[in-house]
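Enquirer: Below you will find the structure I want to go over with you.
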Amino acid sequence: MTELPNMSQGIVLVIDDEPQITEIIEAFLTNSGYEVHVSNVATEGLRLAKQLKPDVILLDIMMPDVDGYSLCNDLKSDNDTSNIPVVFLTGKDRNDDMGRSFKAGGDMFIKKPFSCERLLEILNIILLSTKH
């Protein structure tokens, strides 16, 4: 029996202060063939983003240490991370939050709760559009 090569669909960094959410996303995306890294602290997430240079970042807006908007601004103003797509994950549903997400440099906005299948569809769309 031949072994399949270990080919990752892409590297995903999940930055969310809720461990239950990051565990679910990590398990689902890993099973879908992605290499997944997780941080439950925004400042650690920024360090990981610079170190790993993932293909996409899933970023929560409401976190205790630094909010997602500020973190996204930091990512987009750094040459090492400015081209990494950022998908905001949030429990908020107001239109101005969506607008703030895009102004901060976000590429997509997903409202919690969301299905893992929907998240996978969005990841595939973003990664296909960035690998032209």
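The values are calculated or read from the model by the stated rules, or taken from the named source; none is laboratory data. This one's a predicted model, so the numbers in the text were calculated from it and none came from an experiment. Note that we place each Cβ from the backbone using ideal geometry, even for glycine, and neighbour counts take in every protein chain shown.
Conditions tested, residue by residue: (1) at pLDDT 95 or above; (2) part of a loop (DSSP other than H, G, I, E, B).
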{"site": "Ile21", "(1), (2)": "no, no"}
{"site": "Glu26", "(1), (2)": "yes, no"}
{"site": "Thr30", "(1), (2)": "yes, no"}
{"site": "Val38", "(1), (2)": "yes, no"}
{"site": "Glu44", "(1), (2)": "yes, no"}
{"site": "Pro54", "(1), (2)": "yes, yes"}
{"site": "Ile57", "(1), (2)": "yes, no"}
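Residue-by-condition table, conditions (1) over 21 Å from Gln9 (Cα atoms); (2) touching a residue at least 24 places away in the same chain (Cβ under 8 Å); (3) crowded, with 16+ Cβ neighbours inside 10 Å; (4) within 12 Å of the chain's Cα centre (by Cα):
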| position | (1), (2), (3), (4) |
| --- | --- |
| Phe28 | no, yes, yes, no |
| Leu52 | no, yes, yes, no |
| Gly105 | yes, yes, yes, no |
| Glu117 | no, no, no, no |
| Ile122 | no, yes, yes, yes |
| Leu128 | no, no, no, no |
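Enquirer: Does Leu71 satisfy the criteria of being of a type in the set (A, V, I, L, M, F, W, C), modelled with pLDDT of 85 or more and closer than 18 Å to Leu29 by Cβ?
Expert: no
Enquirer: In region 81-106, what count of residues is obtained for those that are more than 20 Å from Asp17 (Cα to Cα) and either touching a His at 6+ places or on another chain (Cβ under 8 Å) or aromatic (Phe, Trp, Tyr) (or both)?
Expert: Qualifying residue count for the region: 1.
Here's the yes/no breakdown for (1) under 19 Å from Thr22 (Cβ atoms); (2) in contact with a strand residue (DSSP E or B) (Cβ under 6 Å, 6 or more places away or on another chain); (3) at pLDDT below 90:
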| residue | (1), (2), (3) |
| --- | --- |
| Asp60 | yes, yes, no |
| Asp65 | yes, no, yes |
| Asn79 | no, no, no |
| Leu120 | yes, no, no |
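Enquirer: Considering Val36, Val87, Val56, which residue is crowded, with 20+ Cβ neighbours inside 10 Å, touching a Phe, Trp or Tyr at 6+ places or on another chain (Cβ under 8 Å) and closer than 20 Å to Ser8 by Cα?
Expert: Values: Val36 fails: touching a Phe, Trp or Tyr at 6+ places or on another chain (Cβ under 8 Å); Val56 fails: touching a Phe, Trp or Tyr at 6+ places or on another chain (Cβ under 8 Å).
So the residue among Val36, Val87, Val56 that is crowded, with 20+ Cβ neighbours inside 10 Å, touching a Phe, Trp or Tyr at 6+ places or on another chain (Cβ under 8 Å) and closer than 20 Å to Ser8 by Cα is Val87.
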